[in-house]
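K.L.:
Before I ask anything, let me first share the structure, which is written out below as structure tokens.
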Amino acid sequence: MNFTPVNSVQRRMASNLPQMIVSRSVDESKFSPAVLDSFEASKVEVAADHPAVQILPEEAAIYGKRNATQAKKNPFIAQVVKDPAAFLENMKERFEAQKVLTPQDPYSFEFGDYGIPVLEDIDQALDQEIVTLKQKQKLEQFKGSTNRAALLASASIHALAGLVGRDKPDRNQELETGLQYLNDLKADIGNHIEDGSVSYRRLNELSYFSARALGHFDREDLSFFDRNFLRVDRHLLGFKSDSIETEYARYKDNDYRLFQKSAGDKGIELAAGVFEQSVFNNDKFELAALPVARSLGPGVFMQLLPHDIFLLGVSPEPEEADGFNRPGGDFYLHDARHSASIFAKRKIYEKEHNLSPQQIEKLEVMQSVWKQEMVEEKKKLEDKELSYAIGFLSFNHHHDRGIPQLPSSFIEDKHGGVADKLYFALKASGQPIGFKKPLRTLNKAYDWLQNFWLERLPQEEAILSASAR
């Protein structure tokens, strides 16, 4: 593919296909669970031998090879990524079988084959955090035994500043409660490991509570900049910060709430309802929410984009991403928010085009084909900064913002400026960036992506038109 401006034919094609545009604006009505539910009943069947939805052997081969590559890179989730469609089908079968046994909780099906290794990773992380809290506890005890005169002097200064009389958490009690909580989590998880058994639901619950517990005391260890910048992220994503006593009480009550607080970003918040309703929908298995307690690269997230599989990170230490340095609970929420946007926007696309299962499967495979073609085209670029910016913008466009990885996502002439803000957030925080001059480079990267994707617009149109009869 030559890097040339979008030609007039492509422009006319785009203007004649308004129904194909994947909107980036916030339309509250589209995010309504009721609207998305009604879509399910209106799906049409497309004949399996329809030329537009037939998966060619060479397409299947590319799809399989890209899945196998990610399985090799991430062996701890190989059973998921080596064949995502087959994995989801197996999950649905487990769900339906359990629904017969316990219709009030069909998510209690056995999931130890995936879940036990995850719990073992979390168990090790809890060990490390317990050691850290004990060290902090010793430090507090040392502080408590320092010169009394210095403490009295400090109290006098606080009194002059009008601080005496204000409620202040007892640090020793806070650390003691934290240790009790971590040890209880460890015992709970240890029982499952010993039995070699954990249900899908319980894996998600324990991972959620562990992520928040592991990150609770980490914020205080962040740099001054990271602590204050994290406030911005917590507002945008809707992170609810509570005392360790409250967190511990939620665990005891098994109060699992994926999104505890409304997000400050309207688009992020609108996607939450659809996703949260689908996570444990007792009527049908809609998506797989899979905790992961190891580091993952961007490749596996991009490969899973067309599938209803969402990886939620349980991080033992603060993770740097998007310009923020997020403790465990923040990072888990960050993954959940991205997952919600991806899921909701893809469902809107499927609803608007009344897609059949055959069309969905064809698009799943074609996204791998198109992605591989992109890899080959990028190899021809001599400008390494442009190449990096293309990957940067692509990941931001599809994973961070949840815009479907399809040709029609690039009909609009501009990328919307979100990636510009991400660049400056990374720069402010000192996190690595692979290019300079962001405004010019990102615009050039979007032009490259737009040309690449709009050349494939007729292929998407052919798949969509299979049901237009």
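K.L.:
When the Cα centres of the range 408-429 and the range 224-280 are compared, how far apart do they sit, in Å?
P.N.:
24
K.L.:
Moving on. Just need log10 I(q)/I(0) for the range 157-296 at q = 0.10, 0.11, 0.15, 0.21 Å⁻¹, Debye formula, equal scatterers on the alpha-carbon atoms, no solvent, rounded to two decimals.
P.N.:
-0.46, -0.56, -0.98, -1.50
K.L.:
For the range 337-377, take every pair of Cα atoms, bin their distances at 10 Å starting from 0, and report each bin as a whole percent.
P.N.:
26, 41, 31, 2
K.L.:
While we're looking at this one, here's another question. Straight-line reach from K99: which lysines have Cα under 23 Å away, leaving out those fewer than 8 places along the same chain?
P.N.:
Candidates past the 8-residue exclusion: K284.
K.L.:
Sticking with this one: Can you put R440, R326, R201 in order, fewest other beta carbons within 10 Å first?
P.N.:
Least crowded to most crowded, the residues run R440, R201, R326.
K.L.:
Something else now. With a sphere of radius 9 Å drawn around the Cβ of G313, what net charge do the other residues whose Cβ falls strictly inside it have (Lys, Arg +1; Asp, Glu -1)?
P.N.:
Spelling it out: positives minus negatives among the neighbours equals -1.
K.L.:
Rounded, prolate or oblate: pick one for the range 276-355, where a ≥ b ≥ c are the square roots of the eigenvalues of its C-alpha gyration tensor, a/c under 1.5 means rounded, and failing that, prolate if a/b is larger than b/c, else oblate.
P.N.:
Prolate is the answer for the range 276-355, as a/c is 1.5 or above and a/b outweighs b/c.
K.L.:
Residue-wise, which Karplus ³J(HN,Hα) couplings in Hz belong to the range 378-388, taking 6.51 cos²θ - 1.76 cosθ + 1.60, θ = phi - 60°, and x for glycine or proline?
P.N.:
Coupling constants for the range 378-388: 5, 4, 7, 6, 8, 7, 5, 5, 5, 4, 4 Hz.
K.L.:
Net charge within 12 Å of N228 by Cβ-Cβ distance, Lys/Arg positive one each and Asp/Glu negative one each, not counting N228 itself?
P.N.:
Every neighbour counted, the sum reads +2.
K.L.:
A further question follows. Going by how many other beta carbons lie within 10 Å of each one, how would you line up D413, D322, D253, fewest first?
P.N.:
In increasing order of surrounding Cβ atoms, one gets D253, D413, D322.
K.L.:
Distance from a point 7 Å along Cα→Cβ of V131 to each backbone N in the range 301-328: keep the residues under 15 Å and list them by number.
P.N.:
Counting only backbone N, you get 316-317.
K.L.:
A further question on this structure: Which semi-axes, in whole Å and largest first, does the equivalent ellipsoid of the range 367-469 have when worked out from the alpha carbon gyration tensor as the square roots of 5 times its eigenvalues?
P.N.:
Computed over the range 367-469, the values are 27, 15, 11 Å.
K.L.:
Starting from the amide H of R326, placed 1.01 Å from N in the peptide plane, find each other amide H under 5 Å away whose residue is 5 or more places distant or on another chain.
P.N.:
Here the answer is E319, E320, A321, since their amide H atoms fall under 5 Å of that of R326.
K.L.:
Hey, another quick one. What are the residues whose amide H is under 5 Å from the amide H of G313, where those residues sit 5 or more places off or on another chain and H is modelled from the backbone?
P.N.:
Those qualifying (amide H under 5 Å, at least 5 residues apart or on another chain) are V292, D335.
K.L.:
Order these by the 10 Å Cβ neighbour count, fewest first: S295, S278, S108.
P.N.:
By the 10 Å Cβ count, ascending, the order reads S295, S108, S278.
K.L.:
To continue, here is another question. Add +1 for every Lys or Arg and -1 for every Asp or Glu among the other residues with Cβ under 11 Å from the Cβ of P407, and state the total.
P.N.:
Value of the local net charge: -2.
Coordinate-derived values only; no laboratory data. This structure is a prediction, so every number in the text was calculated from the model and none was measured. Backbone-built Cβ (ideal geometry, glycine too); neighbour counts: all protein chains shown.
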